[in-house]
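The values are calculated or read from the model by the stated rules, or taken from the named source; none is laboratory data. Not measured: the values here are computed from a predicted model. All Cβ positions, even for glycine, are placed from backbone atoms using ideal geometry, and neighbour counts span all protein chains on display.
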Amino acid sequence: MKSSFILLFVFLIVMSFRAFADQTCPVKGPGQVDSYLASLADKVPDFEKILTEYDSFKKNCQALLKKHTIENCLGNFDYLKRLGTQKGIYSPLVSDQEYLNSQPKDVVALPPELLRGVPKNWEKLFREKNWQWHFFSSHERRKGDKGILKNRFVLRVPGEKVDGYYLFVTATNEPTESEAFQAIFVEKKYAGQGKNQGPRIHFRTFSNDPGKKVSLHDHSGGGRCLECHQNGPREIIPVKDQIQQHHLGKNTLVTDNQFSSGGKSGSGVERDRKKMNEYLSSYGPPNWDTFFPATGHFKGVQLGKTVGCVDCHQGETRGRLLPAIAGDLRNLPHGIEDKIIRHPTMPPETDLLPDERIDIMKEITKEYYGEMKKWLTAKKCQHEAQQSCENFGMVNRLQYREIFKGHPLSKINLKLLKQLSSKITIASDLLSKAELCQFNWGSILRQPRQQKNSNLEAPQPAEAANKEE
């Protein structure tokens, strides 16, 4: 008796909660859902407020969404929430550990020669293996660098199916002294899923205590790889010589003519860097379909249209500029602002003033907010509800014909269906869906070549099924 009372009490609490939730849902139908979502999108760029209100809406309107079968039209808002709450550096959608576990081990395996970092005899060894490398100093600065430029040593390890690129950072002229390095593996032979083909990119970061075995680096405080590598490996753009005159103790940062991919000095440096950049930019737009399906979800979104970025970043020869792939959705990916403002290498071959670059960034940011508003509301719940109704009616047309058998098509309506339900057994979903959808009975019940106002006594359901097939 006591247990029955407890079960009854729990049931009443649950039902009360559902009733309360229904009462607090701010919309009454699919059209109003569209209007409500549009009002949320108007709050861009206050993404935090958008997601807070969206969570409340989805929680309170579960019954309505299920009733009209329109959960899918919320997909872009759901995707935005995942982007805004995922804090890993490797993927905007899954945790770092999930990303690392999902990677094919044969693709992301380090060469045995690099298991302890760059070896002392690296130059001789790399030449024998026909690996390419290049020294350069970069504008890029890691957190904690305190504004001091550091040397980069990029190594290319070509393979039949996978090309590996390894970036070692050092304060000296010696790559063996690097304490950490980053790796990009380009899976060239990846076929893709369906039409989404192209090279697949894999990221790794490693700790490198010189002389000891390298290990995966806990890089939780860093930026997201995809923010700078939307097109996979990036071309080398070194700083100009006059910017490189910094000293760290007894070591002078390398200038642009000290090292090259072949270890030579002088005039061959520019040629060797050009060759390395040809490798880096030879793969075309990456395929992010497994780990970064942002390209699919942001279909149709293009940034930089008003300032000419899409002349190159059109998604064919080079990837599009992707929005909202960082934890802070208010800001564009770091790499876009980085290339326009902080390390001004884009647009290429231009001599723009700082104020002009700021204006370009403002224009792209304005585009970003406008594109996000349109993208968030691109899926219409009213259309999805209508499609759901049409599908249900067509799938169940034989049952409806059986119910209305003997009645002229011109007399068939919802009122007649309700009257018949008091005389014959009608499945509850057939009745409730008809009431919800307000079917066009003519399009559902009329046979091909059937005349208007015809009687539904013939053909029999089995014959009708045969004719439709």
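For segment 386-407, the criterion of being exposed (fewer than 12 other Cβ atoms within 10 Å of the Cβ) and closer than 11 Å to ALA434 by Cα is met by none of the residues. The residue that is farthest from ASP106 (Cα to Cα), counting only those in segment 150-189 that are part of a strand (DSSP E or B) and of a type in the set (Val, Ile, Thr), is THR170.
Taking the criterion of being more than 30 Å from CYS381 (Cα to Cα), in contact with a strand residue (DSSP E or B) (Cβ under 9 Å, 6 or more places away or on another chain) and modelled with pLDDT under 55, would at least one residue in segment 441-449 satisfy it? Checked against the condition, which is being more than 30 Å from CYS381 (Cα to Cα), in contact with a strand residue (DSSP E or B) (Cβ under 9 Å, 6 or more places away or on another chain) and modelled with pLDDT under 55, segment 441-449 yields no hits at all.
Yes or no, residue by residue, for (1) without any contact (Cβ under 8 Å) to a residue 60 or more places away in the chain; (2) in the same structural domain as LEU226 (by TED's automatic domain parsing):
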position: ALA63; (1), (2): yes, no
position: LYS66; (1), (2): yes, no
position: THR69; (1), (2): no, no
position: LEU80; (1), (2): no, no
position: SER91; (1), (2): no, no
position: GLN103; (1), (2): no, yes
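Just wondering, is there one or more residues in segment 229-243 that are of a type in the set (A, V, I, L, M, F, W, C), in a strand (DSSP E or B), crowded, with 16+ Cβ neighbours inside 10 Å and modelled with pLDDT of 70 or more? For segment 229-243, residues of a type in the set (A, V, I, L, M, F, W, C), in a strand (DSSP E or B), crowded, with 16+ Cβ neighbours inside 10 Å and modelled with pLDDT of 70 or more: absent. Residues in segment 42-62 that are under 17 Å from CYS381 (Cα atoms) and crowded, with 19+ Cβ neighbours inside 10 Å: TYR54, PHE57, CYS61.
Modelled with pLDDT of 90 or more, surrounded by 12 or more Cβ atoms within 10 Å (Cβ to Cβ) and within 28 Å of ASP78 (Cβ to Cβ): does that describe LEU376? It is true that LEU376 is modelled with pLDDT of 90 or more, surrounded by 12 or more Cβ atoms within 10 Å (Cβ to Cβ) and within 28 Å of ASP78 (Cβ to Cβ). Identification of helices (runs of 4 or more DSSP H) wholly contained in segment 349-443 with 3 or more residues that are among the hydrophobic types (A, V, I, L, M, F, W, C) and under 30 Å from SER39 (Cβ atoms) yields 354-376, 381-395. With respect to GLY88, is the statement that it is among the small types (Gly, Ala, Ser), modelled with pLDDT under 90 and outside any loop (DSSP other than H, G, I, E, B) true? In short, no. Here ASP351 passes the criteria (1) under 26 Å from the mean Cα position of the chain (by Cα); (2) more than 24 Å from GLN86 (Cβ to Cβ) except the one numbered (1).
Being in contact with a strand residue (DSSP E or B) (Cβ under 8 Å, 6 or more places away or on another chain) and basic (Lys, Arg) is the filter; apply it to segment 130-171 and report the residue that is modelled with the highest pLDDT. By that ranking, first place goes to ARG156. Close Cβ contacts (under 8 Å, 6 or more residues apart or on different chains) running from residues in segment 49-61 that are without any contact (Cβ under 8 Å) to a residue 12 or more places away in the chain and in the same structural domain as TYR36 (by TED's automatic domain parsing) to residues that are among the hydroxyl-bearing types (Ser, Thr, Tyr) and surrounded by 13 or more Cβ atoms within 10 Å (Cβ to Cβ) are absent.
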